[in-house]
Amino acid sequence: MPFPEERPRRLRRTEALRRLVRETDLSPRHLVLPVFVRDVRKGRRPIPALPGHAQLGLEDLAREAETAARLGLGGLLIFGLPAGKAPDAPGAVDPDGVVPRALRRARSAVGKDLVLISDTCLCSYTDHGHCGLIRPDQRSEGGFEVMNDPSLQRLAESALAQAAAGADLVAPSDMMDGRVGVLRKALDRGGFANTGILSYAVKHASAFYGPFRQAAGSAPARGDRRSYQMDPANAREAVREALLDEAEGADLLMVKPALSALDLIRAVRERSRLPVAAYSVSGEYAMVAAAARRGWLDERRAAMEILTAIRRAGADVVCTYWAKSAAAWL
């Protein structure tokens, strides 16, 4: 129907009308807060590249979990900073390591009121900073050769330690081929059939991870991660990765980063039967925070626009450093 009969602005006239016909909803339950936990009893260490965030001691994490539950957030995504590192990542598989201890403290603080997700990777625990085990005697383009199959057993051992400590979901972020299937079998055989897997199915070798590496102490000592993380230029490969992880037994699929991959969130949503998560990564948060500090944009409006766009693209779950702020704004 042509103008003047067709007037879409009629439904934009007031906030009540806009709210009535809003197509995409955003609520605290959709949001997961990433947290960084040090192997100390207490003490907050601010993260310069992530204003408003800090590396937490175990007691501080418990209080953060209580705050998250009070705000109605969906969950916490827990990253560990171990006291020491070694080539074979012993801290990642230690049943009394920093993440298992953090999981137990958080569970004690909030019970079942919050989903606890443990990042399952080796990068923060290895002295070389890569997400799998390496062969120092051989090199690939851009750094050490990261061995796929030998890394899988170590990742499975890490997932078992996290599941035993109470993780609702383990979240393999390493991008080794076949790791979802290996973790699923290990969890089932270990008596953790009810522990879910949130797979980082589509994880790009992205420039937007810089602040995270400062927060997690996980920057590679040599080389980079392009031999195992995805090329951001590839869309068909992203769908392939997601469907492979679904077939191997993943319970949720993650796309990371979110803002530069909205099309891939939509593509995975349309092809998969599973819930889809998206990670609004540290660089997305940091660039908005930096611009807001200079008065160049309104952080609240920009953040809410970004989070709504991620939901609009098809994400059921959004991991974001704005989780607490967004819950308060909402």
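Worth a mention:
- With both residues required to sit in the stretch 5-125, DSSP beta bridges show an antiparallel share near 15%.
- Taking trypsin sites (Lys or Arg not before Pro) across the stretch 238-330, the ones in a DSSP loop with at most 15 further Cβ atoms lying within 10 angstrom of their Cβ are ARG273, ARG294.
- The angle between the Cα long axis of helix 262-271 and the main principal axis of the chain comes to about 80°, on a 0 to 90 degree scale.
- Share, in percent, of DSSP beta bridges within the chain that are antiparallel, nearest 5: 15 percent
- Ordering of 251-264, 84-97 by packing is 251-264, 84-97, highest average first (other Cβ atoms within 10 Å, averaged per residue).
- Scanning the chain for GluC sites (Glu not before Pro) lying in DSSP loops with no more than 14 further Cβ atoms inside 10 Å, the longest uninterrupted stretch between such sites is 142-330.
- Multiplying the residue separation of GLU15 and ARG240 by 0.36 nm and removing their Cα-Cα distance gives an extension gain of 76.9 nm.
- Extension gain for ALA233-ARG271 works out to 11.8 nm (0.36 nm per residue, less the C-alpha to C-alpha distance).
- Dipole in debye (nearest 20) - the chain, about Cα centre, beta carbon charges: Lys, Arg +1; Asp, Glu -1: 1240 debye
- Dipole axis of the chain (+1 Lys, Arg; -1 Asp, Glu on Cβ), positive-most option in ALA16, ILE47, LEU253: ALA16
- Positive-end extreme of charge dipole, the chain - chosen from TYR285, SER272, GLY129 (charges on Cβ): TYR285
- Per-residue [θ]222 nm for the chain (sum of -39500 (n - 2.57) over DSSP H runs n ≥ 4, rounded to 500): -11500 deg cm²/dmol
- Under the simplified labelling scheme, the ARG312-SER108 pair shows an inter-label distance of 4.5 nm, with each label point 7 Å from Cα along Cα→Cβ.
- Gyration tensor over the Cα atoms of the chain: the corresponding equivalent ellipsoid has semi-axes (square roots of 5 times the eigenvalues, largest first) of 33, 23, 20 Å.
- Coupling constants for the stretch 4-13 follow from the phi torsions by the Karplus curve (6.51 cos²θ - 1.76 cosθ + 1.60, θ = phi - 60°), and in residue order they are x, 5, 8, 9, x, 5, 4, 8, 10, 5 Hz; glycine and proline get x.
- Between PHE3 and ARG70, residue separation times 0.36 nm minus the direct Cα-Cα distance comes to 19.3 nm.
- Phi angles of the stretch 285-292 translate, via the Karplus equation with coefficients 6.51, -1.76, 1.60 and θ = phi - 60°, into HN-Hα couplings of 5, 5, 5, 5, 4, 5, 5, 5 Hz per residue; Gly and Pro are given as x.
- Degrees, to the nearest 10: 179-189 long Cα axis against longest axis of the chain: 70 degrees
- Between 0 and 90°, nearest 10: helix 98-110 axis offset from the chain longest Cα axis: 50 degrees
- Amide H partners (placed H, <5 Å) of GLN55, local residues excluded: ARG45, ILE47
All of the numbers you see were taken from the coordinates with simple rules; none came from a lab. No experiment lies behind these values; they were computed from the predicted model shown. Neighbour counts run over all protein chains shown; Cβ positions are idealised from the backbone, glycine included.
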